[in-house]
1. Return the distance in nm (one decimal) between the two label points of a simple spin-label model at Arg114 and Ile15, each offset 7 Å from Cα along Cα→Cβ.
2. If packing is taken as the average count of other Cβ atoms within 10 Å, what order do 48-57, 96-105 fall into, highest mean first?
3. From zero up to wherever the largest Cα-Cα distance of the chain sits, split into 5 Å bins and tell me the percent of pairs in each.
4. For the range 129-175 and the range 32-78, write down the distance between their C-alpha centroids in whole Å.
5. So which residue, out of Phe25, Phe79, Phe149, gets the largest mean-square fluctuation from a GNM of the chain using Cα contacts under 10 Å as springs?
6. Report, in debye and to the nearest 20, how large the dipole of the chain comes out about its Cα centre when Lys and Arg carry +1 and Asp and Glu carry -1 on their Cβ.
7. What number, in percent, do you get for the relative contact order of the chain if the mean sequence gap of Cα pairs under 8 Å and at least 6 apart is divided by its residue count?
Amino acid sequence: MQDLLNSIRIIGDPILRQKCRPLVFPDDVPYIIDLARRMGNALDVAEGLGLAAPQVGESVRLFIATPDHLDELCGHVVFINPEITPYGEMEKREEGCLSVPGIYEMLSRQSRVRIKAMDIRGNTFSLDVGELAARLILHEVDHLDGILFVDKLSPIKRKLLKGRLRKLREDRLRK
Ligand code: NI
């Protein structure tokens, strides 16, 4: 259990800053199945809503979500090579991230998103979602481009968090 939690990469880890590569069907299928299983276990233990591959050290375009609380995801759990179009009003919501433990901040993002992605079998599907599901998707797709939610906070908020973020980076190196 603890091993899975420890396998989640924390801010300061360079892999969280890379642009992830697309996955290839069918070549990557065995890798995808293994990775999705590992990530599902890690997300269960961590009790998060979503997890992106770079957070477990794999620089590929895949994220998972827990659809139990998110009806709008229509049961989809694994999202591969997602393409998104955010739209709608800007909306403030509290965000957190397993890679930035202990920090929760209000962040403004667009309220809706259209997403096209592939499932674990390589079948393409499309969704048009709002609210928490949209927020989750925007947050996870940012991970695939090396972006963390704290990057998007106002300069003042970032300044206020500077000490705590530095401590997270230092703690990571001490492990
Ligand atoms: Ni995150």
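The numbers here are math on the coordinates, done by the rules we state, and not lab data. If you're wondering where the values come from, they're calculated on a predicted model, not measured in any experiment. Using ideal geometry, Cβ is built from the backbone for each residue, glycine included, and neighbour counts are taken over all protein chains shown.
1. In this crude spin-label approximation the distance works out to 3.4 nm.
2. On the way: 48-57: 22.5, 96-105: 17.3.
Top of the packing list down: 48-57, 96-105.
3. 1, 8, 18, 21, 22, 16, 9, 4, 1, 0
4. Their Cα centres are 18 Å away from one another.
5. It is Phe25.
6. Numbers: 27 positive and 26 negative charges, 213 e Å.
Taking the Cα centre of the chain as origin, the dipole is about 1020 debye.
7. Numbers: 300 pairs, mean separation 44.1, N = 175.
Relative CO of the chain lands at 25 percent.
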